[in-house]
Each structure stands twice: as C-alpha cells, then as structure tokens.
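Have a look at the structure below, then the notes.
Throughout, read-outs are computed from the coordinates displayed, never taken from laboratory work. Keep in mind it's a predicted model, so treat the numbers as computed, not measured. Ideal geometry is used to build each Cβ from the backbone, glycine not excepted, and the neighbour counts take in all protein chains shown.
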Amino acid sequence: MTEPASASRLQLIENLDLKAAGPLRSELLSLRHTPLDIDASNVQRLGGLCLQVLMSAQATWAADTIPFAISSPSPAFQEALSLFGAEDLQPFVQQG
Amino acid sequence: MDPLEAIKVTFFQECEEQLSELESGLLAMEQGETDSETVNAVFRAVHSIKGGAGAFSLEPLVRFAHVFETTLDDVRAGKLAPDNNVVKVMLRAADVLADHVRAARDGGVVEEARSQELASALEALNGEAPLAPIASEDFDDMPGLEFTPLTVSDDDGIGDDFGFTPLAAGIIELEPEGPALRRWTVHLRPKNALYAKANETGLLLRELKRLGDIQVSIDPADLPGLAELEPEHAYLSWTIVLTTDRSQSDIQEVFEFVDGDCDLTITADDVPSSLPAMGEASIDEPFDVMALIQQAQADVQAAPAAAIMAEILAPAAPAPVFAASAPSIPVPVAATAAAAGVAPDAAHGAAAQQATIRVDLDRVDRLIDLVGELVINQAMLAQRVTESGVPRSSNIAMGLDDLEHLTREIQDSVMAIRAQPVKSVFQRMPRLVREVAAMTGKQVRLVTEGEGTEVDKTVIERLTDPITHMIRNAIDHGLERPEVRVAAGKGPEGTVRLSAAHRSGRIVIEVSDDGKGIDRPRVRQIAIDKGLIEVDSNLSDEDVDNLIFMPGFSTASSVSDISGRGVGMDVVKRSIQGLGGRIAITSRPGQGSTFTLSLPLTLAVLDGMVVSVCDHTLVAPLTAIIESLQPKAQDVRAIGPDAYVIAIRDTYTPLIDVGAVLGYRTTPLDPTKGVALLVEGEGGARAALMVDAIQGQRQVVIKSLEANYRQVEGIAAATILGDGRVALILDVDNVVAARRREKARSDAKLAAAG
C-alpha cells in the first residue's frame, strides 16, 4: 500500500447539507489511501447525510490503518456533532 | 409560476378547506358535539394551517394560529370544557384566523387590535390563567413555540434558529400540573425517503432538544465503507433519551412531517398510572383498527391526521410499546405514533381512498362547451336523418337513438363535474350572522339545512351576494331586538333559517326568519312617499310585500351599517333573475318572513318546449309550464280593449299574447286559433301564454344572448336548433310582467283621461 509522505488536506465547505453528500463522498474517495486532515473551520451546517459520509470515511480510513483527523472545527460543526451524538467522530476532532 | 409560489397557492387553497373544516367543527361543537373526533378535526385544521404557515414564514398567521392551537389543545386534553362561551370565542377566533390567512394570501394586514384581543381572549380561556410558574426558567427552550420543519429545506436560509417571538408570556404553553419530568426513549431510524424529501435528521434532533434535555447516541452499525456508501441513502439510526415535562403527543408532533419516512418508537421509561392499561387481545386484530383509521381519514389530509388519529385510537389500539415498562419493541410505524402501534399503512390507505384532482376551471368549461356543441350536432344529425326519410326502425335511426342516449349521459356527467354543494356558500353565513348580530345587538341563531344540495358552480358563485344580502336584511329588518321579542312572547334569540333543496329540477333556497314580518302599512306608505304607487292603489298583501323588490325602495328609515349599502332587494331580485331564477316572499305579521329563491341547476342546458309564434320559433322553459291547452271561445273573456282572461277550471287567468308582447304582431291572435301555455311566474302568479302552435319538447343548450348581442326584454337567452337556426328562449316571468306593466300603463292612461 502506497503511503505518501505528506497528509492530504481537505477543506470542508460551509454548507454540508444533503446536496453536499455526494460530492463530499467522491472527494473523500479520491483521497483514499492517503493520510487525511480534514479542515472543518468553515462548516456552518452539517446534515445527516454528510455526517454519514464523514463517519463512513473515518471507519474506512481506520480499516485502512491510515491516519485520519478533523482539525479546526467551527463551533457550528462541534455543535452539530454533539447534537447528532456522533461520538465516533469526536476522538478525531483536533482543536486548533 | 415558480415551484415555491405554486406550493404556496396550494397551501392557501388547503387553508380555505381547513378553515371551513374548522368552522363546521366549531359549529358542531356549539351544537354540543364535543366528542373527540370533532375536537380533533378542529385542532387538526388549525394545526395544519400553522404548520404550513410556518414553512412560509407567515409570522402573524403562525402566531395567532399558535395561540388558537394551544387553547384547542387544552380542549383536546380535557383541560378546558368546550362550553358555549368557549366555543363562541373560538368561532370569533376562527374568523380572525381566516382574516389572517387572507391577509397572508392577498397582502395587507389584520387589524392588530382585533387579532390581539382575540388572542388574549383565547389565552384567558387557557385554563386557570398562567399561574404555574415556568419551572425551568429556561426561556431558550420556549416549549410552546416549536417550529415545525414542514418543507424547510436545509439550504433555504431560514435555518434552525428561526423562532417566533412570543407576544406575551401568556402564550407559552404552561403545563398546569407543573413540571412532571419524565424520561422518554426515542428510537429514530430515518429512511432514504426522509432525506429525499429534503427533511433533515438534524432538525428533528434540534426540535427534540427544544422539548427538554436530550442525550443522543448514534448507531452506525449499518454504515458501510465509503466505497459502498450511497450518499443519499440513510444508514444511521439514533437513540435519544429525552427528559421533558411535555406530553407524548408533543414529542410525536416533532416527527409529524416525516411520517412514514422513518421508523420511530417513543417509549416512556416509566409508565405513568394515568395511561390506560393495554390489553393484549386487540393485538390479534390490527386490521379493524386500520379500517377505522382509513375510514376516519378518508377526507382528511393524510399526513397530519395520521399522528392524531393514532393518538385518538391509542386507548383502544394495541400498544406493544406501552405494555408495561418492558423494553420497547421497535415497530415500523408510518404514522409517527408508536404509541398506537397501529396501521403501518394508514397514511397510504387514506391516500388511496377518495382521490381528487384539482382541475383548471377553464378546461372543464371548454369540455362543457364542446359537449354542448356535440348535443347540438347530434340534434342536427337526427333531424337530417329524419328529413332524408330513413325509416325509424332502420339501423341508422336506432344507432342515432343510442347516440342521443350517450350524448345525454356525457352531458350529465360533465355537468356533474361542475356541480358543487351549496355548502361553500352556506359556510360563509355563520360568520356574517355573528357580525351582523354583534353590530345590531340582536341575538341570532342560524340554522342551515341541505348544505349538500348540489348546483352548478356558476350558480354557486353568484349566489353568495344575494344570500348575504337577504340574511343581512332578515337580521336587520326582520328580527326584533331581544327585549322586543320577549315582550312579544318569543324567545330572546331570533332564528334565521337557510335551507336548500332540489325541487323538480331546480334548486330552491329559502331564507326565513321568525321576526316581525313585513310591516305592510309602512311599506305601503314608503312606496307612496317615493311615488312608486298611487295613493289609492288597491294592493293585495302579496303585492305590498313585493313592493320591496321595486327599484328605489328601501325600508330602513335610517341607513344602517348593515343593510344600507346601496343595494336594495331590487338588486337581489335582478341578480337572481340573471341566473334564470325567481324570488318570492311570504310574510306573516309577527311571525316572520320567508324569501324563496328558485334557481335552475345549471345555466348550460334547459328542457324547453319549442313553440312557434308568427313563424318564429321560440323555446319556453319547461319548468315554468304547468299545462298547455286549446282555449275554447266560451272560456275567453275580454276585459278592456285588448286584454283577455281565460277561465281555466273556474279561475280566471290573464291571457297573454306572446306575439304581441314581443312585437311580432299588432293584431291580437284569435285565442281559439292558438295554444295556451299555462305558466306559473314568480310568487305563484299564473298566466296563460298564447302561441300559435307547439312543435315539441327538446333539451336545448343555452347560448347567452347578452354575451353575443344584448339583453332583450322578454327573452332570457338563445339556442341553436337541430336545423341550425337560432331560437329565442322566452323569459316567462318577464313576459308576464311586461304584460302587467303595459296594463298598468294603460290603466293609468285611462285614469288620467277619466
């Protein structure tokens, strides 16, 4: 399995509503097998479908044993995760 | 029209339906029908309006509907007894709600003071005033002001923080029994459809959070790897532990708009004793319950109803989730109400029944026009065939008979599309009565009968004004003030009766009151003062009563707010006549008056008798004709130089020469050479119309003469006959009246000469 030296960064868009789920999944898929650092600083809204994509991505990366992180979460993103009770993602969220 | 606008239009149409449901429900409650079905129907109506209005951010409407709904909820929960007083306030609130809907639709605002007054009145009803303190002090939770995410898509910018500022603290729904906190476990498994319909789990969770304290845990067990994941499918499910003082129905309400799009169970962690114990017997027969639900829902919007219906049925229905405090059994429920645990397909079942479509009226009218042409064409074809000498027993003639039968059936069916119950007109009247009663300080009860009577839509549309006016008149002029009534030995409350019925191919509408009746001496005096009649005219009681229909007559000595709007009974009469109808009045002093309207069921076709007058073909409406006869010389008496009467079974009836009235001839027809049609005009006055000959009876399609030419005295409309010629349709009443007027004029001339 190839392991590029540097982690890929993915900037999440502002509005992760149901229409964003498809594109987000494709984007994440294209970055598969690379260590991933997801920037959630812009997120204003997180819907259930995008949450699924993120959770699935986290599980997939975990299965691939490749680093996965979500950094600089916006307050809205944090709030949404706790609203959804998305404990599975919490450990990967890094403040800062 | 952009899609949102179109949805809005539909919303307002549905609002109208809900408003009429609301009104009829409240009126039923006023009559003492306070069973849960009625109360729920009323609640549902207000709730649906609020839900839709919330989605369109029609804030004043939402605010008012919310206050209304809160009060109704108390009635529903049995906290507030729907006594007469309460229902009266609600009826007025329904009027204001209707105003709000109209203001939202047509622009404009509802008078704030009025809205506010009713809102306060409603709040005052909400149990024992707001004495229970707001326990949590947590205003952010604002439990009474939930926002229902009906069609709010996730990206429309309205967002979750969209809340309504309360008018006053009193609006906040207070639980009188105090903050009985309970724990509920909600299992939520969205289906793909939930997201497909632009609903959002996040919003549901947020709604729940508003109800109380929530702990959410997510179950990702079904979540596939990213490669296998369908981005628009729903994989996650949630378990929410909610601690709240709100009722189960409040929790269910959160999920009202995702009906059937998620599997949902709501279980109380501790079953309170107040809930009825659930037997297990009924579990075996869930289909009866389904049938019940479907039946009850047949004419109700499926979505909001489902939850409520399930709730109503809860005590009777099997409720596995409530069967003791056992762990919940997840039941996939279409209706969000897991409590009922019934009818997975209730919503679908309801949708399958009584499907209706909204059709542009233009299309129906065009169809009716075309069918009219078809009828004419068929008649022409039949005539051609007859003229060509084909024997009646031939295949062609028999085929034509079948065609005629079929055409007639098509015509009836098409007409039935346009037929509507008069309910839509009648339903506006209670409000009018309330308003007029309030303005005049009279006590009025409106009784309506025969609301289901169907009549053509055009007739219905043009009925509202005359009926409105007659009811106003009945209250303003007919009914007495309460003290006067009591002095006269009547109850203080007057009754206005509005009824509709089908009678011999026409619709008969009666407006009657039990008031003082027509004040004949006064009517007579006014008519004399206004120069409408001669001082020494010898008039029968009936004639005097009919004076009020004369142009320029108005009995109210002081022009009141109510009746004095420049519209007299003469206008009513004219508009009824414009519909091909008749109006008659009967009045008994001290006992009240009755106005009777008789109208054709449709304005499109007419059964007529085809007659000839001086080589012209005319059609006389069959409904007006009582009989036809050949006058004998000894039965005809001349009175005056050119007026005749005919003795028919010992009564003398004026004999009217149609040809002379219409100006076809100047020398009168010899009565013995023609045929007399005995007709009954308005008010039952009879006359015999002289025509040359009768050709036969036929159904004719009415073509407006006014629209194509202009109004002609004595002629109601025109039609096209089988041979393609135009025939005029007689306006029987007008012909009779024209003869009378002529006679009156010649009498006057004689009087002047003498």
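Need one number: nm distance between label points at B:Arg114 and B:Met550, each 7 Å from Cα along Cα→Cβ, rounded to one decimal.
My value for the distance between the label points is 3.8 nm.
Please give the Cα centre distance for the range B:367-423 versus the range B:434-478, rounded to the nearest Å.
38
So for the pair B:Ala227, B:Asn192, with labels modelled 7 Å out along Cα→Cβ, what separation do we get in nm?
2.1
Using amide H atoms built 1.01 Å from N in the peptide plane, name the residues 5+ places from B:Cys262, or on other chains, whose amide H lies under 5 Å from its own.
B:Lys191
Which of the trypsin sites (Lys or Arg not before Pro) found in the range B:680-729 are in a DSSP loop and have at most 14 neighbouring Cβ atoms, other than their own, within 10 Å? Mind dumping the intermediate values first?
Values: sites: B:Arg686, B:Arg698, B:Lys703, B:Arg710, B:Arg725; in loops: B:Arg710, B:Arg725.
Of the trypsin sites (Lys or Arg not before Pro), the ones in loops of the range B:680-729 whose Cβ has at most 14 other Cβ atoms within 10 Å are B:Arg710, B:Arg725.
Tell me the trypsin sites (Lys or Arg not before Pro) within the range B:381-449 that lie in a loop according to DSSP and have at most 14 other beta-carbon atoms within 10 Å. If you can, show how the numbers build up before the last one.
Working: sites: B:Arg384, B:Arg392, B:Arg408, B:Arg418, B:Lys423, B:Arg428, B:Arg431, B:Arg434, B:Lys442, B:Arg445; in loops: B:Arg392, B:Arg428, B:Lys442.
Passing sites in the range B:381-449 are B:Arg392.
Let me know the charge dipole size of the range B:392-455 about its Cα centre in debye, to the nearest 20, where only the beta-carbon of Lys, Arg (+1) and Asp, Glu (-1) is charged. Walk me through the numbers on the way to the answer.
Numbers: 9 positive and 9 negative charges, 136 e Å.
With Lys and Arg at +1 and Asp and Glu at -1, about 660 debye.
Sequence-distant or interchain residues sharing an amide H contact under 5 Å with A:Val93, placed H: which?
A:Ile70
Report, in order of residue number, the helices in chain A meeting two criteria: a C-alpha extent of 15 Å or more along the helix axis, and a mean Kyte-Doolittle hydropathy of at least -0.5; treat each whole DSSP H run as one helix. Write down the numbers at each step before the final one.
On the way: long enough: A:48-63 (22 Å, 1.09).
Both cut-offs are met by A:48-63.
Going by amide H atoms built from the backbone, whose H comes under 5 Å of the H on B:Leu601, apart from near neighbours?
Here the answer is B:Ile507, since their amide H atoms fall under 5 Å of that of B:Leu601.
Quick check on the range B:587-733: take the gyration tensor over C-alpha atoms, sort the square-rooted eigenvalues as a ≥ b ≥ c, and tell me if it's rounded (a/c under 1.5), prolate or oblate. Don't skip to the answer; put the middle values down first.
On the way: a/c = 1.83, a/b = 1.06, b/c = 1.72.
Cα axes put the range B:587-733 in the oblate bin.
Once you have a ≥ b ≥ c as the square roots of the Cα gyration tensor eigenvalues for the range B:422-600, tell me rounded if a/c is under 1.5, and otherwise prolate or oblate according to whether a/b is larger than b/c. Each step should come with its number before you reach the end.
Working: a/c = 1.69, a/b = 1.16, b/c = 1.46.
Judged from the Cα gyration tensor, the range B:422-600 comes out oblate (a/c at least 1.5, b/c at or above a/b).
I need the per residue convex hull volume for the range B:1-130, using only the alpha carbons, in cubic angstrom as a whole number. Don't skip to the end; give the middle numbers.
Numbers: hull volume 12.0 nm³, N = 130.
Cα convex hull per residue, to the nearest whole number: 92 Å³.
At most 15 other Cβ atoms within 10 Å and a DSSP loop assignment: could you name the trypsin sites (Lys or Arg not before Pro) in the range B:565-656 that fit?
Answer in residue order: B:Arg565, B:Lys632, B:Arg649.
Sketch the reach of a paramagnetic label on B:Glu14 as a point 7 Å from Cα along Cα-to-Cβ, and name the residues of the range B:44-77 whose backbone nitrogen lies under 12 Å away.
B:45, B:47-56, by backbone N distance to the label point.
From the Cα gyration tensor of the range B:361-420, with a ≥ b ≥ c the square roots of its eigenvalues, which class applies: rounded if a/c is under 1.5, or else prolate if a/b is larger than b/c, or else oblate?
Details: a/c = 4.82, a/b = 2.48, b/c = 1.95.
Verdict is prolate for the range B:361-420.
Per residue of the range B:479-485, in order, report the coupling 6.51 cos²θ - 1.76 cosθ + 1.60 (Karplus, θ = phi - 60°) as ³J(HN,Hα) in whole Hz, putting x for Gly and Pro.
6, 9, 5, x, 5, 5, 4
Would you work out the Kirkwood radius for chain A? I mean one over the mean of 1/r across all pairs of different Cα atoms, in Å.
Values: mean 1/r = 0.0757 Å⁻¹.
Over chain A, the inverse of the mean reciprocal pair distance is 13.2 Å.
Do the alpha carbons of any pairs in B:Lys50/B:Lys88; B:Lys442/B:Lys490; B:Lys79/B:Lys209 sit beyond 24 Å of each other, and which pairs?
Values: B:Lys50/B:Lys88 21 Å; B:Lys442/B:Lys490 13 Å; B:Lys79/B:Lys209 26 Å.
Distance filter (> 24 Å) returns B:Lys79/B:Lys209.
Which entries in B:Lys516/B:Lys573; B:Lys8/B:Lys197; B:Lys632/B:Lys703 show an alpha-carbon gap greater than 29 Å? Kindly include the intermediate steps, with their values, before the conclusion.
Details: B:Lys516/B:Lys573 22 Å; B:Lys8/B:Lys197 17 Å; B:Lys632/B:Lys703 36 Å.
Beyond 29 Å between Cα atoms: B:Lys632/B:Lys703.
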